Amino acid sequence: MAMDLATILGSRSQRRSFLLATGLVLAIGLAAAMAVAHWAPSSPVWNAIVGILGSIAAGGVFALLSGLYLWYFFADPDELAAQSYIFPKDIAENLETLARTATEYKVFVRTGRHFRARILPMLVEQALASRSPVHIDVVLLDFRESALCERYAGYRRSSSFDRQAWNADYVRKEVLATILAVLRAANDNSGLIRVDLYLSRRLSTFRIEGSADALMITREDPKDAAFRYQRGQSEFAAYRAEYGWVLDEAEHIAGSAAGNLPTSLGALFGGGVVSADQEAAAGDATGAPSPYAR
């Protein structure tokens with residue numbers, strides 16, 4: 001994607017870096033011009049150098065102020081697309097912004113490590129602070145399908161920043177940890193956190209996550225950019241429809257509407273599906289921080 005002015009200034013981290021670098025260059029230019037004017041001998045050559053440095057600094061200030069003026073007051077045809085583009089450093093902040101105001105939250109991911117560590121606690125905090133229910137749909141990879149887990153682990157081994165961690169057992173553990181964390185959040189905050197849990201056999205390199213007002217489309221690697229679509233954009237409706245198809249194909253395994261949720265994985269799936277050792281490992285993993293260095 002072309003790095004035009006709207007794209008650069010649409011990102012907080014890019015805007016900070018751009019303005020800092022530009023300010024330093026202009027400050028150095030002005031300082032150099034004043035230093036030459038003060039200490040250099042008065043001669044036509046040095047006067048010309050002072051004039052050139054001063055002109056460059058003045059031109060830079062004018063260009064910067066003009067760009068900021070145009071960015072702030074005028075709509076660009078590509079502005080909407082630029083606003084949808086999220087730089088990797090801004091992904092975590094954008095996800096957290098969605099969580100802070102959400103009354104419903106939808107997640108289609110494979111294992112849910114970042115969601116479990118960062119977003120789920122924020123949704124609980126939001127529900128408690130507002131005293132309003134938050135409904136969470138969570139769609140995870142079906143850990144019961146060994147071939148599916150191995151296929152996904154193989155993909156992550158070949159492309160992920162933490163490739164050494166990935167095998168089928170690790171996939172199962174992380175999926176179970178997210179399920180357990182969601183059950184605990186709902187049971188500990190009954191009436192405020194309402195959940196529906198699904199298991200899906202659909203593999204994807206993309207994640208769909210967001211609220212009724214905006215959706216984030218992210219990829220597996222934290223170095224990849226993401227896209228954020230607001231309600232009203234055609235892409236928002238398209239990804240909501242995609243999410244609906246995912247739900248239609250997924251297996252619903254637990255929901256608040258059915259009454260009391262199970263408090264353990266063994267109670268939810270039975271001992272023949274999740275062993276005591278797997279449940280203990282999943283319990284330990286629920287407290288792990290997000291693996292992504294956003």
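Results, tabulated for the structure shown:
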| item | result |
| --- | --- |
| Cα centre as origin, Lys/Arg/Asp/Glu Cβ charges: segment 105-226 dipole, Debye | 200 |
| Ellipsoid semi-axes in whole angstrom, largest first, where each is sqrt(5λ) of the Cα gyration tensor of the chain | 50, 21, 17 |
| Among ILE119, ALA63, TYR155 - extreme Cα towards positive end, dipole of the chain, charges at beta-carbon | ALA63 |
| Under 5 Å, built H, 5+ apart or other chain: amide partners of ILE86 | ALA226, PHE227, ARG228 |
| ³J(HN,Hα) computed for each position of segment 51-65 - Karplus, 6.51 cos²θ - 1.76 cosθ + 1.60, integer Hz, glycine/proline x | x, 5, 4, x, 5, 4, 5, 5, x, x, 4, 4, 4, 5, 5 |
| Å² per residue, accessible surface of segment 200-273 at 1.4 Å | 50 |
| Apportionment of accessible area to carbon and sulfur, the chain, percent (1.4 Å) | 58 |
| For segment 227-284, convex hull of alpha carbons as volume per residue, Å³ | 149 |
| Selection from SER132, ALA225, GLY255 lying farthest towards where the dipole of the chain points positive, charges on Cβ | ALA225 |
| Compactness index (Cα Rg / 2.2 N^0.38 Å), segment 96-195 | 1.17 |
| Reachable lysines from LYS173, criterion Cα separation under 26 angstrom, eight or more residues apart if same chain | LYS106, LYS223 |
| Amide H partners (placed H, <5 Å) of THR103, local residues excluded | ALA212 |
| Volume per residue that the Cα convex hull of segment 138-271 spans, once the total is divided by residue count, Å³ | 123 |
| Approximate spin-label separation MET34-ARG157, in nm, with each point projected 7 Å along Cα-to-Cβ | 6.2 |
| Unit charges on C-beta of K, R, D, E only; dipole of the chain, Debye | 460 |
| Stretch gain in nm, segment ASP277-LYS223, where the contour uses 0.36 nm per residue and the Cα spacing is subtracted | 16.1 nm |
| Which of VAL195, LEU53, ALA282, positive extreme of dipole for the chain (C-beta unit charges) | LEU53 |
| Set of aspartates and glutamates with alpha-carbon distance to LYS89 below 14 Å, sequence-local pairs under 8 removed | ASP221, ASP224 |
| Whole-angstrom gap from segment 245-276 to segment 123-138, using each part's C-alpha centre | 21 |
| Relative contact order (%) - segment 164-290, alpha-carbon pairs under 8 angstrom, separation at least six | 33 |
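The values are calculated or read from the model by the stated rules, or taken from the named source; none is laboratory data. Just so it is clear, the model here is predicted, and its values are computed rather than measured. Quick reminder, even Gly has a Cβ in these numbers, built from the backbone with ideal geometry, and neighbours come from all protein chains shown. What goes into the accessible areas is simple: the full protein's heavy atoms, side chains included, and nothing from ligands, DNA or RNA. Shrake-Rupley method; radii C 1.70, N 1.55, O 1.52, S 1.80 Å.
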